[in-house]
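Encoded as structure tokens, the structure appears first; notes follow it.
Derivation of every value follows stated rules applied to the coordinates shown; laboratory data play no part. Worth saying up front: this structure is predicted, and the values here are computed from it rather than measured. Cβ placement follows ideal geometry from the backbone for every residue including glycine, while neighbour counts extend to all protein chains displayed.
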Amino acid sequence: MAAIPNRDAFGLVYAPNGRDAQIALSLLGEAGTNAKAVGDLTSFVASLSDDVAFAVVTEEALRSADLRAVSIWIEKQPSWSDLPFIVLTSRGGGPERNPAAARLSEVLGNVSFVERPFHATTFISVARSALRGRRRQYEARLRMEALDEGERRLQTALEAGRLGAWELDLATEILTTSTTCKAIFGRGANEPFTYADLLSSIHPDDQERMQAAVRATVETGADYSIEYRTVWRDGSTHWAEIRAQLYKDRSGTAVKLVGVSADITARMQAEENQRRLNEILEQRVAERTHELQEAHANVMAEVSQRERAEDQLRQSQKMEAIGQLTGGVAHDFNNLLMAVMGNLEMLERHVGDDSRAKRLIDGALQGARRGASLTQRLLAFSRRQDLKIEPVALPGLVRGMEDMLRRSVGSSIQIEADLPENLPSVSADANQVELALLNLAVNARDAMPGGGTIRIQLRQGDVPFTTDQLSAGKYVVMSVADQGHGMDEETLKKAVEPFFSTKELGKGTGLGLSMIHGLAIQLNGHLSLTSTIGIGTTAELWIPVSETTADTETPERKTDTRAVAATGPKRILLVDDDILIAMSSVDMLMDLGHDVVEAHSGEEALECLRDGPAVDLMITDYSMPGMNGGDLVKAARTISPTLPVLIASGYAELPPGLDLDVPRLGKPYTQIQLATEIAKVLNATVD
């Protein structure tokens with residue numbers, strides 16, 4: 001018989017009289033179906049479970065028995081289950097002529113009758129039919145469990161993103177909301193919250209705009225997206241962002257709106273504070289300019305110079321504010337990706353041979369890794385990227401990327417490289433320069449949809465005296481030129497601004513050039529862009545020459561598996577205030593064979609160190625409320641001065657002035673990265 005999803009399923013036989021049980025077991029065994037027999041009704045009831053594929057019983061064994069226990073079990077079956085029963089009756093004792101047998105149908109429900117004596121083929125045919133039916137039930141259970149798991153993950157994602165879910169029935173105006181959604185409108189979890197309540201909570205100046213947006217969505221089918229103020233019952237004003245989609249029935253009639261809501265009060269307040277700050281700065285600049293004009297009626301040149309300085313100051317402050325914002329966003333996003341990637345990595349180990357599940361997990365991991373790449377761009381733009389500055393030989397770096405570049409730009413694009421060998425090494429982070437070159441090549445490709453040539457050139461550039469962009473000194477210039485559609489002067493001025501992009505929606509983040517610009521500043525270099533409409537664009541990355549020479553051989557980037565294995569199982573104290581991340585990291589550590597003690601705050605971790613068993617290593621998050629990771633390390637070393645410590649952080653670098661010689665593990669990290677860093681820390685301690 002065909003295999004069923006539940007591999008442990010078996011046939012249960014209750015035929016206490018004669019040779020019926022022996023015959024049934026023999027026939028089922030020959031047909032390849034596991035089965036077992038029981039000798040009394042109590043054992044039969046005790047053996048009933050979800051793993052029973054079907055039950056074979058004799059009519060006379062049940063005719064005068066108390067079947068209440070059987071009936072109760074049948075009624076309590078889960079919604080997917082309807083256990084098949086095969087009832088063996090005597091000759092002429094079928095349900096049509098035997099009322100007692102017919103009554104068994106009422107008790108057992110899913111019943112097939114086989115009159116004795118029966119032919120083996122008949123019995124096996126009925127058994128196979130019952131087995132097929134049970135197999136469909138098991139498949140239904142798997143689908144139901146998958147749906148439940150998807151619902152649980154969706155709820156986790158909504159809670160992690162602090163999003164409230166809601167649904168509005170357009171015919172009845174019945175509003176269904178989650179607890180988070182109610183909280184966004186200032187309502188408690190158990191308080192009623194109707195559509196009329198929602199409308200009355202919207203600021204009077206925003207109500208008409210909100211209702212007009214709803215009507216437009218219902219009439220046109222366009223997505224509903226709006227921001228408006230809400231007034232809570234205590235009189236305080238808040239901001240909410242609402243997004244939804246329209247659902248229609250088969251006839252095309254609008255049925256309901258389904259969407260999410262978010263509290264954006266903090267963001268709106270930050271934007272308002274920034275606007276006020278800009279107004280103050282502009283007012284001060286205007287006042288200062290007026291004073292200068294009155295005091296120095298004669299050289300306009302000095303005033304112009306001061307105005308330029310003020311403009312640069314405003315731009316610097318603007319970029320710093322945006323940098324702080326993007327750095328914080330990247331940190332929080334890294335934390336979320338840590339939970340997602342860690343759980344997916346562990347889940348991948350337990351799917352067995354399920355190719356579809358593996359494909360889905362692999363797709364999710366690829367998406368998470370793309371998100372991690374995006375956070376690296378955000379951190380580079382905000383100048384919070386932790387650069388590993390060392391001598392780098394650019395000719396070897398570019399040659400090592402040629403295959404990747406050709407695959408990235410496609411067959412319609414030619415790449416020409418001019419890479420002189422006599423160039424000096426530069427002071428740079430090789431990984432970030434590779435990322436910058438890849439971004440420039442992809443931008444050049446997108447500028448030439450019909451194909452063309454990308455020219456990559458290296459040359460030495462000397463700056464004899466300090467300018468606004470570069471300090472005096474020697475540089476190596478890496479240029480990437482295309483033959484694309486080019487940019488006009490206005491577009492060229494905005495090209496390095498964050499989130500500015502000329503690409504279609506969804507085809508660019510607007511962070512590529514701003515990331516390279518931020519990298520150039522961190523390296524004490526400069527990014528120069530020149531472009532002509534219809535001719536193309538040239539990007540030049542000026543990088544300072546290093547005082548030492550780079551090793552021309554690129555080391556293989558492999559994990560030292562021997563170092564990982566050499567550490568052996570350890571007792572590790574894991575400290576993280578985020579439950580999702582803690583769960584993921586604990587699973588990875590336990591999967592590596594370590595014994596894990598979990599703490600969710602600095603105070604709890606110190607308590608474990610004081611009162612609990614000794615630990616071999618402490619891994620702690622840096623950003624935690626109350627006592628951060630740096631404070632925890634200092635306090636922990638007063639308890640255990642030689643305790644090895646590893647700090648994990650969603651920021652790319654730890655704050656300056658921390659004054660701790662502690663290795664750092666950037667989030668999100670994979671299990672092998674975690675194992676490698678643990679091995680480095682413990683091996684360094686042994687050495």
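Relative protection proxy for 173-180, 634-641, from highest mean packing down: 173-180, 634-641 (other beta-carbon atoms within 10 angstrom). The order of HIS290, HIS203, HIS594, going from fewest to most other C-beta atoms within 10 Å of their C-beta, is HIS290, HIS203, HIS594. With the highest mean first, a sort of the peptides 609-617, 416-424 on other beta-carbon atoms found within 10 angstrom per residue produces 609-617, 416-424. Each of SER514, SER584, SER546, SER26 was scored by other Cβ atoms within 10 Å of its Cβ. Arranged with the fewest first, they read SER26, SER546, SER584, SER514. In terms of overall dimensions, the C-alpha atoms belonging to segment 390-544 reach 39, 33, 25 Å along their principal axes, ordered largest to smallest.
The length gained by stretching the chain between ARG267 and GLN673 to full extension, at 0.36 nm per residue less their Cα-Cα distance, is 142.7 nm. Label zone of LYS248 (point 7 Å out along Cα→Cβ, amide N under 15 Å): in segment 214-238 this covers 216-224.
Ordered by the count of other Cβ atoms within 10 Å of each Cβ, fewest first, LYS182, LYS36 give LYS36, LYS182. FRET efficiency for the ILE533 to GLN414 pair, using the beta carbon distance and R₀ = 22 Å, is estimated at 0.50.
Given +1 at the Cβ of Lys and Arg, -1 at the Cβ of Asp and Glu and no other charges, the dipole of segment 10-145 around its Cα centre is 260 debye to the nearest 20.
If R0 is taken as 45 Å, the Cβ-Cβ distance between ILE174 and ILE280 corresponds to a FRET efficiency of 0.40. A simple packing score, the average count of other Cβ atoms within 10 Å per residue, orders the peptides 224-234, 79-89, 243-253, 12-22 as 79-89, 12-22, 224-234, 243-253, with the highest score first. Can you tell which of LEU513, LEU438, VAL477 lies farthest toward the positive end of the dipole of segment 390-544, using +1 and -1 charges on the Cβ of basic and acidic side chains (Lys, Arg; Asp, Glu)? Result: LEU438, furthest along the dipole toward the positive end. Annotation: extensible slack from GLU208 through ILE521 equals 107.9 nm (criterion: 0.36 nm per residue apart, minus Cα-Cα distance). A Förster radius of 45 Å, combined with the Cβ-Cβ distance separating ASN422 from ALA684, puts the computed FRET efficiency at roughly 0.70. For the pair GLU490 and GLU604, how long in nm is the line joining their label points, each one 7 Å along Cα→Cβ? Those two pseudo-labels are separated by 5.6 nm.
For the pair ALA357 and VAL255 in one chain, pulling the backbone fully straight at 0.36 nm per residue adds 33.4 nm over the alpha carbon distance. Here segment 388-427 and segment 573-593 have alpha carbon centers that stand 39 Å from each other.
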